[in-house]
Amino acid sequence: MKFSIIAVSVLPLVSAFSPASTKPAFKAGSLNAHKAPVFDEVCETTGVTLKRFMNEVALLNPELNELTTLFGGIDTACKALSNLVKRSQLPSSETLGYQGEVNVQGEDQKKLDVISNDVLKRALRFTGRLGVLASEEEDVPIDLTGESEGKDVLLDDTGKYVAVFDPLDGSSNVDAGIPTGTIIGIYEHDESCDIEGTDSDVCLANTLQAGTNLVAAAYCLYSSSCFFTLTLGNGVYGFTLDEQIGEFVLSNPNLKIPETSSIYSMNEANCNSWDEPLQKVVDGWREGTGASGKKFSSRYIGSMVGDVHRTLLYGGVFGYPGDKKNVNGKLRLLYEGAPMSFIMEQAGGLSTTGTKRVMEIVPEVVHQRVPIIMGSKNDVQEVIDAYATATAGSEVEAAVEV
């Protein structure tokens, strides 16, 4: 199987988070290494189905034709998962309870986690466009061609893309009816990595790519409605499932997050263990003494997809920062942090660890964790500036001591 790690130039901190220049209509700026696709008025028309949207994208951008087929499988999987989540609490459901196993994260696997993972694997496998995937529920990247199913390391030269996903984010809350979701990121493979002449472990390692290499990212939120939000590197588009016709229809074309807000979404039970710069910023938000002068309110669901979806629509800051107990936070970089950061940046927001742009971090292992603060541009920039000021102060103190 052939996969890629595309060389990406790392920008200085200031330029990496500076506002993008104004672009013509339908040509939203992309901070990714890939060329942004071209869209037309069909892609901006509410009520257009996801299938029609992707077909139009393929007509305008022939190089993305195979991606359309891949999203057809994702479309079907998300509809199936929506039904599974809705029916999971029925007494007759076979998705209740725990599987009796622990995943690679050390977390108890619910039956619904395992079933959701299998649904996505099967849907992606039969598109014929995907060779390898990495999932929260899999120990290592695996292939979906079926020739070697069941083995730990599987490769095949049939797919153009690599998929990474969290099949059911927030599944621990599903029993309480709290919103859950699916997160997906899509990368291209590298033709220079040839399994016949290269150790297979090297090819698998090439699935560990920075978010700047993402071709597409999406999440599906299972809540009051089923929402599907995606980016192909040219803005963010939100769809809602119309159950009467069985199709996702465009409800939020070219979605943009407000630049300033008065909402933050973090687990404040851990605030005393956060880095000092973040504590000061959040204290300012609570008291109304921050950069915007607004007094912020707190809105925290505890499900990343639900919190990020609300943040995109209303503005605000979602964060799962590191603390003294979990220095790197708890969210996974490859299939949670990077895809959601891609979506957030394409909507005009920012995503940072406090000191680094999340999209530029190259994962060293599949399940690597990363601190994340993302949301409205001006508010996240306030966090970035606070970390930069603290770092500069520490450097001055060190120089004085020397």
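The values are calculated or read from the model by the stated rules, or taken from the named source; none is laboratory data. It should be emphasised that the depicted structure is a prediction, and the values quoted were computed from it without experimental measurement. Quick reminder, even Gly has a Cβ in these numbers, built from the backbone with ideal geometry, and neighbours come from all protein chains shown.
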Examine the stretch 357-375 for a residue that is assigned to a loop (DSSP other than H, G, I, E, B), at pLDDT 95 or above, in the same structural domain as SER273 (by TED's automatic domain parsing) and crowded, with 22+ Cβ neighbours inside 10 Å, and state whether such a residue exists. yes
With assigned by TED's automatic domain parsing to the domain that holds THR68, modelled with pLDDT of 65 or more and in a loop (DSSP other than H, G, I, E, B) as the only criterion, which of GLU138, GLU147 stands out? GLU138
Hey, among ASN326, ASN378, which residue is more than 14 Å from the chain's Cα centre (by Cα), at pLDDT 95 or above and of a type in the set (S, T, N, Q)? ASN378
Within the bounds of the stretch 237-249, is there any residue that is of a type in the set (Val, Ile, Thr), under 23 Å from ILE373 (Cβ atoms) and at pLDDT 95 or above? no
When ALA163 is evaluated against the numbered criteria (1) surrounded by 24 or more Cβ atoms within 10 Å (Cβ to Cβ); (2) within 21 Å of MET304 (Cβ to Cβ); (3) modelled with pLDDT of 95 or more; (4) among the small types (Gly, Ala, Ser), which criterion, by number, is the only one it fails? (3)
Using the structure shown, decide if ILE178 is modelled with pLDDT of 95 or more and outside any strand (DSSP E or B). no
Can you name every residue in the stretch 71-89 that is of a type in the set (S, T, N, Q) and more than 20 Å from LEU230 (Cα to Cα)? ASN83, SER88, GLN89
Modelled with pLDDT under 90 and either farther than 19 Å from VAL327 by Cα or touching a Leu at 6+ places or on another chain (Cβ under 8 Å) (or both): does that describe SER394? yes
Tell me which residues, restricted to the stretch 40-56, are crowded, with 17+ Cβ neighbours inside 10 Å and at pLDDT below 95. CYS43
